[in-house]
1. Would you calculate a helix-derived [θ] at 222 nm for the chain, using -39,500 (n - 2.57) for each DSSP H run of n ≥ 4 and dividing by the full residue count, to the nearest 500?
2. May I ask for the angle, rounded to the nearest 10°, between helix 123-138 and the longest principal axis of the chain, with both axes built from Cα atoms and the value confined to 0 to 90°?
3. Show me the ranking of peptides 154-165, 119-130 by mean Cβ neighbours inside 10 Å, starting with the highest.
4. Explain nothing, just the number: relative contact order of the chain, from Cα pairs under 8 Å at least 6 residues apart, as a whole percent.
5. Identify which of GLY116, GLY272, GLY207 has the largest mean-square fluctuation in a Gaussian network model of the chain, with springs joining Cα atoms closer than 10 Å.
6. At 1.4 Å probe radius, can you tell me the per residue accessible area of the chain in Å²?
7. Counting only protein heavy atoms, what percent of the accessible surface of the chain is carbon or sulfur at a 1.4 Å probe?
8. Using amide H atoms built 1.01 Å from N in the peptide plane, name the residues 5+ places from PHE145, or on other chains, whose amide H lies under 5 Å from its own.
Amino acid sequence: MIPESVKNKLSEYGQEHVLKYFDELTDNEKKALLDQIEATDMSILSAVSNPDTASSKGKISPLKCMELSEIKENEDSFISTGLKAIKKGEVGAVLLAGGMGTRLGSDNPKGMYNIGLTRDLYIFECLINNLTDVVKKADAYIHLFVMTSEKNHEATTSFLKEKNFFGYPEKYIHFFKQEMAPATDYSGKIYLEEKGRMATSPNGNGGWFISLSRAGLLEKAREWGIKWFNIFAVDNVLQKIADPVFVGATIEKNCVVGAKVVKKNAPDEKVGVMCLEDGKPSIVEYYELTDELMNAKDEKGDPAYNFGVILNYLFEVDELERIVKEELPLHIVKKKIPYLNESGELVKPEEPNGYKFENLVLDMIHQMSSCLPFEVVREKEFAPIKNKTGVDSVESARELLKKNGVTL
Ligand code: UTP
């Protein structure tokens, strides 16, 4: 029996096709599919007919960045402030590892990727090594929160356990799962990934704070005295985590968020740049950057929008709690989505074939009352692994690791 509420919901959103194989399913599978339909927020699907909603921006103006020279001058003070906060346990690290890494195309979670050449060196291992450097300097462990999704949770947790968390004490590592969203074809029809299951994908990295809170970890973090969360992507193997100089600068400048940035290597480089939007901190994505903004100059004659974000932010927890109820824009992203074809066979596409729906952490910056863009040296801190080869790939990251003295 299919409840009326399910029939009505599917008809309201034009998704009746997800019941195509209903009669072939076992009782348990039927129940699971009906539960999934009930639990899925289908209102987001209407965004397919209006895919530009997320990118309507306000008035853009420059936001001053703290550049390398200024950091150098104040380095001792920033480091001492940062280390003091870390020693007191005020900084938690949040690893965003819920993504599917479809561009890299590995079946395993990205963090399990072995980038070693003469020895094993996993992406997770690089990150934990980088965190351990700071632990040693501060002589204090830092709580590490790891966001996974239902698609990679099991693989991630069992891998890290098997590797004994690369030497990091287990009691300082806390996993939580992010939410999922349906995935559709280009006309907004939800794909099936099994006869009894709609295709879903993680709902973007913007939901990290809500998911962390729902998992009961915000309460724990508060008990442990955490006042700042340093969130970072899984794929930048040169990433400095809970970097004392960055923590200290953000605190000393009385900002509620710090954003690590690199100087762009070309005006049209594909990174989001820091700016003010209607007077509040914000990020313009590269595809939103008009020629006028790309060519704008500051008072020194340098490009006015010249610093790109690298997905390493330090958020004040009080401010996160203040903004938690505000909605983030929904991004509709073209991705490769495994699906059942007309004959009911599973297809793993080589090219994007539909839409995923995501909230992005970069949109949280615009909800913050103040932000410190903090420049870092690209060659020392930015080696993202997005693709198999070429730009931001395993190859380019290996080169940068070698330059930084890491044996591969
Ligand atoms: P990316 O933007 O590179 O997305 O994520 P992705 O889904 O992992 O990779 P592609 O685009 O399919 O190749 C940047 C960071 O945000 C995390 C990723 O794990 C990575 O650390 N992320 C992304 C999440 O934690 N959840 C998501 O839903 C999406």
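The values are calculated or read from the model by the stated rules, or taken from the named source; none is laboratory data. Because the structure is a prediction, the values reported are computed rather than measured. Here the Cβ is made from the backbone with ideal geometry for all residues, glycine too, and neighbour counts use every protein chain on show. Accessible surface areas use protein heavy atoms only, side chains included; no ligands, DNA or RNA. Shrake-Rupley method; radii C 1.70, N 1.55, O 1.52, S 1.80 Å.
1. The helix contribution divided over the chain gives -8000 deg cm²/dmol.
2. With rounding to tens, the tilt is 40 degrees.
3. Details: 154-165: 14.6, 119-130: 19.7.
Order by mean packing, descending: 119-130, 154-165.
4. 23 percent
5. With Cα springs under 10 Å in the chain, the top fluctuation among GLY116, GLY272, GLY207 is at GLY116.
6. Details: 19260 Å² over 408 residues.
Solvent-accessible surface per residue comes out at 47 Å².
7. 48 percent
8. For PHE145, the qualifying residues are ALA93, VAL94, LEU95, HIS174.
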